[in-house]
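Below is one structure, written out as structure tokens, with a few remarks after it.
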Amino acid sequence: MNNTININLGGFFFHIDEIAYKKLKRYLDSISNSLGDNSQGKSEIIADIEARISELLSEKITDSRQVVNEGDIDNIIKIMGQPEDYVEAEESYKNSSRSYKRNSYNAKKLFRDGEDKFLGGVASGIAHYLSVDVIWIRLSLLALLFGGGFGVVIYIILWILLPEAKTTAEKLQMEGEPVNINNIEKKIREEFSNVSENVKNVANQTSEKIKKTFSNKTKRNNGLEDFIDVVGKIFTLLFKIIAKFIGVIIIITAATVILALIISGFSIGSFDWLNADGGFYQYPHFFYGAILPRWLLTLSLFLLIGIPFIILLVLGLKILSSSVRQFSKATSLTFLSVWLLALLSLIFTGIDYVASNSSHGQYVNKIPLNYVKNDTILLKMRNDETFYYSDNLRSDSNKRQVQINGVNKVYSNYVKVNVKKSNSKKGYIIIRKHSKGKSRINANNNAKKIDYKYKINDNKIILNAYYLSDCNNIWKDEKINITFYLPKDLTIYFDSSVKNFLDNYNNSIANFDKIMTNKYYTMTQDGLYYERIKPLNKNKTNKI
């Protein structure tokens with residue numbers, strides 16, 4: 001039966017048997033001897049080691065009546081490790097104990113870092129736990145702040161719940177370092193070194209101030225210089241605050257643009273891969289018909305916009321934290337080269353686009369009308385609803401991309417209808433297709449390729465309310481002008497489908513409007529005359 005002893009270790013009381021007590025005492029004495037008599041911070045190191053041992057024992061001893069035994073001390077030594085010169089200090093103790101391997105347990109714990117903080121050290125503690133630079137955590141909290149104020153709530157909650165790392169053991173746990181003898185000693189020596197350096201700097205600054213205070217020049221202008229010094233510090237602080245605020249604005253703006261470019265890049269790439277042109281997005285005008293491939297122009301546009309904002313993002317981070325490194329010379333030159341190539345490719349494409357739309361052209365098709373005097377023709381417009389559906393079609397210059405047999409085409413309702421008096425006894429239709437090109441010949445060829453259809457069946461003339469064209473010609477101001485040249489005494493009936501395609505401005509006979517549809521009109525020497533009833537002879541007409 002072993003005797004038990006009550007000990008106070010790190011502020012906590014434990015019941016320990018005599019053999020375990022002797023082993024623990026030899027262990028602590030060996031550590032003390034290994035540190036030497038003149039070791040800097042020796043008492044603090046021993047106190048931290050005892051506090052750590054006390055913490056480990058408290059985790060194992062759940063009942064206050066439980067006694068610490070030799071096995072518990074052996075486990076503690078496994079975790080804490082041995083001092084480097086333990087063999088020389090306690091040869092007899094080593095011979096009586098087995099060799100232990102140093103525990104590699106280094107699980108991190110989440111604390112607030114009081115030594116690197118703006119407010120409560122929450123961001124620094126999270127950065128230690130996640131092994132990232134603290135600037136990214138602070139930026140994330142700022143983003144949450146601007147995203148609805150959640151950052152403030154989260155920060156306050158963490159500030160309340162997270163303990164601050166005060167002891168050496170807690171600081172090591174926060175950084176993920178094993179809490180053993182060597183690390184505790186190393187940490188305390190670093191802190192003593194930092195404190196000594198700070199004390200030395202403060203002493204030097206104080207000495208300099210004392211010298212200036214008692215010098216003759218300083219005596220004369222001490223009050224004025226102090227006032228100027230205070231004002232200078234106030235302005236310096238204001239400039240720093242303004243600079244930080246500008247840095248945050250730059251970061252948020254740059255990050256938003258970069259994120260938008262990334263999302264749009266993936267979106268456009270997906271739509272192209274799915275062959276889903278039209279409706280989702282619209283390329284810039286000069287992308288159509290360009291010599292360079294569209295994917296290369298898209299990439300150039302993203303790089304032209306993105307690279308300056310990447311530089312702005314790094315600049316904003318640099319303003320907030322001096323630890324952020326600038327781009328190396330090689331990286332800067334690479335960015336500049338890529339940006340210039342993107343700029344030149346877009347400039348070249350823009351110049352080519354202007355040249356390809358510099359000349360106007362048209363293709364004219366004349367269709368004779370084999371009608372005689374007193375004949376009546378019916379004029380209608382029709383649409384193909386498989387391309388585009390609308391219950392109220394009208395002539396407009398909007399373009400839409402449609403797919404026909406796997407080929408992308410431009411669909412447009414830019415069709416205008418005019419009626420004029422024929423200078424001969426025969427009637428005819430003139431269909432003019434308009435387009436643009438690099439030269440008049442090229443523009444004429446583009447106009448000729450426009451797909452426009454009509455149908456003449458007995459006394460019915462059915463015109464398409466749309467035309468189809470090549471996708472590369474989407475911005476070439478293409479349109480269809482249809483002019484009916486009617487001889488004298490020929491009657492025309494305007495169906496309601498024509499009302500939104502009648503040209504009010506280019507017609508020299510009548511001022512067309514919507515009330516003219518669903519009515520009969522006869523061409524006379526003086527112009528169109530409205531027939532109140534279906535015409536049988538010319539005596540029942542009224543001029544409009």
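Since every read-out is calculated from the coordinates, none of them should be taken as a lab result. Computed from a predicted structure; not experimentally measured. Positions of Cβ are generated from backbone atoms using ideal geometry, with glycine treated the same way; all protein chains shown enter the neighbour counts.
Highest-first packing order for the peptide set 417-424, 121-128 is 121-128, 417-424, based on the mean count of other beta carbon atoms within 10 Å.
Quick check: residue separation of residue 445 and residue 58 times 0.36 nm, minus the Cα distance between them. What number comes out in nm? Residue separation times 0.36 nm, minus the Cα-Cα distance, leaves 130.1 nm.
Applied to segment 322-338, the Karplus parametrisation 6.51 cos²θ - 1.76 cosθ + 1.60 on θ = phi - 60° returns per-residue 3J(HN,Hα) values of 6, 6, 6, 7, 7, 5, 5, 4, 5, 5, 4, 5, 5, 4, 5, 5, 4 Hz, with x for Gly and Pro. Between amide H atoms placed 1.01 Å from N, distances below 5 Å from residue 460 occur with 378, all of them 5 or more places distant or on a separate chain. Using the Cβ-Cβ distance between residue 78 and residue 296 with R0 set to 60 Å, the FRET efficiency from 1/(1 + (r/R0)^6) comes to roughly 0.45. Under 5 Å between amide hydrogens, built in the peptide plane, is the criterion, and for residue 9 it picks out 14 among residues at least 5 positions away or on other chains.
Please compute the modelled spin-label separation between residue 472 and residue 337, points set 7 Å along Cα→Cβ, answer in nm with one decimal. Spacing of the two 7 Å Cα→Cβ label points: 3.2 nm.
Shown in residue order for segment 228-243 are the 3J(HN,Hα) couplings computed by the Karplus curve 6.51 cos²θ - 1.76 cosθ + 1.60 at θ = phi - 60°: 4, 5, 5, 4, x, 5, 5, 5, 4, 5, 5, 4, 5, 5, 4, 4 Hz (x for Gly and Pro). Applying a threshold of 21 Å to the alpha-carbon distances of 409/436; 380/455; 109/244; 399/433; 420/499; 453/499 flags 109/244 as lying beyond it.
Since only 353, 341, 330 are under comparison, the one whose Cα sits farthest along the positive direction of the charge dipole of segment 323-413, derived from C-beta charges on Lys, Arg, Asp and Glu, is 330.
Note on segment 386-477: with charges restricted to the Cβ of Lys and Arg (+1) and Asp and Glu (-1), its dipole about the Cα centre is near 540 debye. Evaluate E = 1/(1 + (r/R0)^6) for residue 253 and residue 397, where r is the Cβ-Cβ distance and R0 equals 41 Å; express this FRET efficiency to the nearest 0.05. The value I calculate is 0.70.
Hey, how many Å between the Cα centroid of segment 10-33 and the Cα centroid of segment 362-434? That distance is 104 Å.
Residues whose amide H falls under 5 Å from that of residue 495, counting only those 5 or more places apart or on a different chain, are 379, 518, with hydrogens built in the peptide plane.
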